[in-house]
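The values are calculated or read from the model by the stated rules, or taken from the named source; none is laboratory data. It should be emphasised that the depicted structure is a prediction, and the values quoted were computed from it without experimental measurement. FYI the Cβ positions are ideal-geometry reconstructions off the backbone, even for glycines, and counts take in every protein chain you see. Each accessible area value is taken on the protein alone, full model and side chains, heavy atoms only, with ligands, DNA and RNA left out. Shrake-Rupley method; radii C 1.70, N 1.55, O 1.52, S 1.80 Å.
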Amino acid sequence: MKAVRTYNSQLRQSQAEATRERILAAMAELYERDGEAATVRAVAERAGVREITVYRHFPNRDELMKGLWAWLNRKHGVTVGMPETAEQLVAQIAPLFATFGAAPAHVAASLRTPEGVKVRNSLNADRSEAFLTILADIAPDLAPDERRKAAAILQLLYSAHTWISMREQWGLDDAAAAEAAGWAAEHLIADLRARGSAPIRPGEAGPADKEAQS
């Protein structure tokens, strides 16, 4: 009986995953056509399920949109996550920008559509925590407000905003944009490691810079 119960459980899980995939594929099709006007009812009809089934997998529209963007990320290969160390931050910029280049329309939508911005904003807490953790390691003597400024600029370099600006305004391809962003990140990290408690502001050199100037 245990084997039968295990089989049935695995079957139900497999069916649930297949249903979730159908829902997200339907949402992707409708969102591409209708944008924000895509309704849960329309998604259910396109997926061939009841509306309540959609809500069983995604209790509200925000959860459905989070699921959609995660699904699109997987589909387009945008799989590079948050860095955990300064070295990882620099190393991951090139593969991150390459995944952006593989799905430019999806990435642009995540930056420019109300729903895309909402989903991106829902990750702000995790994003901030990741970069503040890196700053705590490389610049432990910085005051919290100063550390936050430094984390913000490093996170911006490691983002679709920087990639799309270099692409659209300067015509840089993914590799060139990654080289520029990686170079900037390396220099900022080196400065932060040597900065001590010196504030992040123009004309405020860190200890290493002051020694070089003397």
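Summary of values
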{"quantity": "Ranked order, GLU204, GLU146 - accessible area, probe 1.4 Å, largest first", "calculated": "GLU204, GLU146"}
{"quantity": "Solvent exposure, largest accessible area first (probe 1.4 Å, DNA, RNA and ligands not counted), of HIS187, HIS57", "calculated": "HIS187, HIS57"}
{"quantity": "Efficiency of FRET between TYR55 and ARG148 - r from beta-carbon atoms, R0 30 angstrom, step 0.05", "calculated": "0.20"}
{"quantity": "Gap separating the Cα centres of the stretch 120-171 and the stretch 68-118, nearest whole Å", "calculated": "14"}
{"quantity": "For the chain: accessible area per residue (Å², 1.4 Å)", "calculated": "58"}
{"quantity": "Taking the C-alpha atoms of the stretch 82-202, convex hull volume expressed per residue in Å³", "calculated": "106"}
{"quantity": "Under 23 Å between alpha carbons - lysine pairs in the chain that sit 8 or more apart or on different chains", "calculated": "5"}
{"quantity": "With Cα atoms, 0 to 90° folded angle of helix 174-195 axis to the chain main axis", "calculated": "50"}
{"quantity": "Of all accessible heavy-atom area on the chain, the percent that carbon and sulfur account for (1.4 Å)", "calculated": "54"}
{"quantity": "Label-point separation in nm, GLN15 to ASP141, each point 7 Å along Cα→Cβ", "calculated": "6.4"}
{"quantity": "Label selected from [x] 48, 43, 34; [y] 76, 47, 28; [z] 55, 47, 30, the criterion being Cα extents along the principal axes in Å as computed here", "calculated": "[y]"}
{"quantity": "Global geometry of the stretch 123-165, whether rounded, prolate or oblate, following the gyration tensor of its Cα atoms and the 1.5 cut on a/c", "calculated": "prolate"}
{"quantity": "Point-to-point label distance, THR85-ALA175, nm (Cα→Cβ direction, 7 Å offset)", "calculated": "2.7"}
{"quantity": "In degrees, nearest ten, helix 160-170 long axis to first principal axis of the chain (Cα)", "calculated": "70"}
{"quantity": "For the stretch 49-143, convex hull volume per residue from C-alpha positions, Å³", "calculated": "122"}
